[in-house]
Amino acid sequence: MILGLPGETEDDMLATVRYVCGQQAKPFGIKLQLLHVLRGTDLCGDYEAGSFEVLSQDEYIELVIKCLEVIPEDIVIHRVTGDGPKNILVAPLWSGNKRQVLNTLHQKMKIEKREQGTWAKQKKFCPFFLVFMRAPANVPNLRFTKSIQPWYSQLVVENRCSGVVRSQSKK
């Protein structure tokens with residue numbers, strides 16, 4: 001999912017995450033990707049003409065955290081940012097330092113005690129009855145390994161309606 005497309009609001013992006021994660025055949029994993037403006041593209045022309053602005057690092061970090069809070073813990077986070085080729089990257093230039101972005105994200109989540117699946121813990125989609133239920137209390141929190149390694153250490157497999165949960169270590 002590309003975050004920061006021209007004309008898309010934060011509410012639009014969060015609605016997309018809720019839609020994807022709320023499907024009966026929900027994904028095993030999801031990738032969150034920052035919009036990159038690359039030289040030689042139509043998007044670059046629009047950007048240089050002032051048609052839109054890219055997200056600042058602070059805006060992007062906050063948006064990613066909100067997305068992570070919506071994404072249930074049993075969906076693997078494959079990516080939270082990316083980096084465009086530096087030789088043709090026009091904007092945002094801060095995205096060229098991927099390690100800094102990941103470390104900032106990790107620190108902010110840790111300091112503010114924010115976790116993947118917070119929204120899903122409060123309301124759980126049951127595809128058979130279309131009701132919201134409380135998530136089981138024993139679903140593990142998102143655990144950070146190193147900031148440049150995958151953003152999960154547990155894979156949670158659950159029966160979405162009965163609430164039966166088992167977890168298995170993932171490295």
Counting Lys and Arg as +1 and Asp and Glu as -1 over every other residue whose Cβ sits under 12 Å from the Cβ of residue 79, the net charge comes to +1
For residue 76, other-chain or 5+-apart residues with amide H closer than 5 Å (H placed, Pro excluded) are 29, 30
Once the in-chain neighbours fewer than 8 apart are removed, the aspartates and glutamates whose Cα is under 19 Å from residue 66 read 8, 10, 11, 12, 58, 74, 112, 115
Amide H contacts under 5 Å for residue 38, restricted to residues at least 5 apart in sequence or on another chain and with H modeled in the peptide plane, are 44, 90
Carbon and sulfur atoms account, in whole percent of the 1.4 Å probe accessible area of the stretch 1-97, for 50
Amide H neighbours of residue 116 at under 5 Å, excluding residues fewer than 5 places away on the same chain, with H built from the backbone geometry, are 142
Residue by residue through the stretch 100-117, the couplings from Karplus 6.51 cos²θ - 1.76 cosθ + 1.60 with θ = phi - 60°, in Hz, x for Gly and Pro, are 5, 4, 5, 5, 5, 4, 4, 4, 4, 5, 5, 4, 8, 6, 9, 9, 5, x
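The values are calculated or read from the model by the stated rules, or taken from the named source; none is laboratory data. Note that this is a predicted model, so its numbers are computed, not measured. Ideal geometry is used to build each Cβ from the backbone, glycine not excepted, and the neighbour counts take in all protein chains shown. Accessible surface is based on the protein model in full, side chains and every heavy atom, while ligands, DNA and RNA are left aside. Shrake-Rupley method; radii C 1.70, N 1.55, O 1.52, S 1.80 Å.
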